[in-house]
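The values are calculated or read from the model by the stated rules, or taken from the named source; none is laboratory data. None of the values given here were measured: they were computed from a predicted structure. FYI the Cβ positions are ideal-geometry reconstructions off the backbone, even for glycines, and counts take in every protein chain you see.
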Amino acid sequence: MQQILDTVTSFDGVLVLAPDASSGAPEIAWGDYFFYYAPDGRVPANVQPYGTIVTKNYPGDTESDLEAEDRWRVNIHVGRTALERLTGQGVTDPAEPDVVLPHPVYGRQGWIAVVNPGERTSAQVLDLLRDAHERAKDRVVRKLG
C-alpha cells in the first residue's frame with residue numbers, strides 16, 4: 001500500500017484525503033484514502049475521486065472480504081471500455097488477491113478493483129492510477145477552458 005501512496009502523492013496537483021477522527025468524515029471512511037486532482041488543495045465539488053484505497057468492508061460492499069487481517073483494496077476509475085479490456089481474465093471471485101477485477105459494486109460505472117496488489121498487478125495498478133489522474137486533470141483543464 002505504501003508504494004501506491006508514495007507514487008500517487010508524487011502526481012502533480014493530487015489531493016489525497018485520509019479521513020480520521022479529527023477530519024469530520026464518517027467513521028466508516030477512517031483509515032481509507034481518496035485520490036483527487038485538486039491543485040488548489042480543496043476537495044472538488046460534485047466530483048468523485050478517481051481512485052481509492054479501502055481497508056474494510058463497507059455496507060453493501062463485502063464481497064472482497066476486507067475484514068480479514070492485512071487485506072485492502074485499491075479501486076480505480078478506468079472507464080467502461082478499459083474495464084472490459086482489463087478484466088477478461090476469467091477470474092470472477094471479488095476476494096481473489098492480486099487480480100484486476102470489476103469493482104464489486106461500481107464495475108458497471110467503469111471501476112476496477114484489486115485486492116492486495118502484488119507481483120502480478122502492482123506495476124499495472126500504478127500505471128492505471130497515473131492514467132486516471134491524468135484523465136481527471138484533463139477534465140478540470142477542459143472545464144476551466
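Suppose the filter is at pLDDT below 95 and surrounded by 17 or more Cβ atoms within 10 Å (Cβ to Cβ); does residue 92 pass it? Spelling it out, it is not the case that residue 92 is at pLDDT below 95 and surrounded by 17 or more Cβ atoms within 10 Å (Cβ to Cβ). The residue list 98, 61 contains one member that is farther than 26 Å from residue 10 by Cβ, in contact with a Pro (Cβ under 8 Å, 6 or more places away or on another chain), surrounded by fewer than 21 Cβ atoms within 10 Å (Cβ to Cβ) and without any contact (Cβ under 8 Å) to a residue 60 or more places away in the chain, which is 61. Scan region 42-76 for residues that are polar (S, T, N, Q), in contact with a strand residue (DSSP E or B) (Cβ under 6 Å, 6 or more places away or on another chain) and part of a loop (DSSP other than H, G, I, E, B) and the total you get is 1.
How many of the residues making up region 86-95 are over 21 Å from residue 58 (Cβ atoms) and touching a residue at least 12 places away in the same chain (Cβ under 8 Å)?
Taking region 86-95 first, the residues over 21 Å from residue 58 (Cβ atoms) are 86, 88-91.
So of that shortlist, the ones also touching a residue at least 12 places away in the same chain (Cβ under 8 Å) come out as 86.
So the answer is 1.
Can you pull out the residues in region 53-90 that are polar (S, T, N, Q) and under 16 Å from residue 111 (Cβ atoms)?
Filtering region 53-90 down to residues polar (S, T, N, Q) leaves 55, 57, 62, 64, 75, 81, 87, 89.
Once the filter is applied, which keeps residues that are polar (S, T, N, Q) and under 16 Å from residue 111 (Cβ atoms), region 53-90 yields 64, 75, 81, 87.
If you go through region 6-41 and keep only what is over 23 Å from residue 140 (Cα atoms) and in a loop (DSSP other than H, G, I, E, B), you end up with 19, 20, 21, 22, 23, 24, 25, 26, 30, 31, 32.
Filtered by the rule that a residue be under 13 Å from the mean Cα position of the chain (by Cα) and surrounded by fewer than 14 Cβ atoms within 10 Å (Cβ to Cβ), region 118-129 gives a lone residue, 127.
Annotation note: of 91, 114, 99, the sole residue that is under 28 Å from residue 20 (Cα atoms) and touching a strand residue (DSSP E or B) at 6+ places or on another chain (Cβ under 8 Å) is 114.
Among the residues of region 1-41, which ones are of a type in the set (D, E, K, R) and in contact with a strand residue (DSSP E or B) (Cβ under 9 Å, 6 or more places away or on another chain)?
Of the residues in region 1-41, the ones of a type in the set (D, E, K, R) are 6, 12, 20, 27, 32, 40.
Residues satisfying the conditions are 12, 32, 40.
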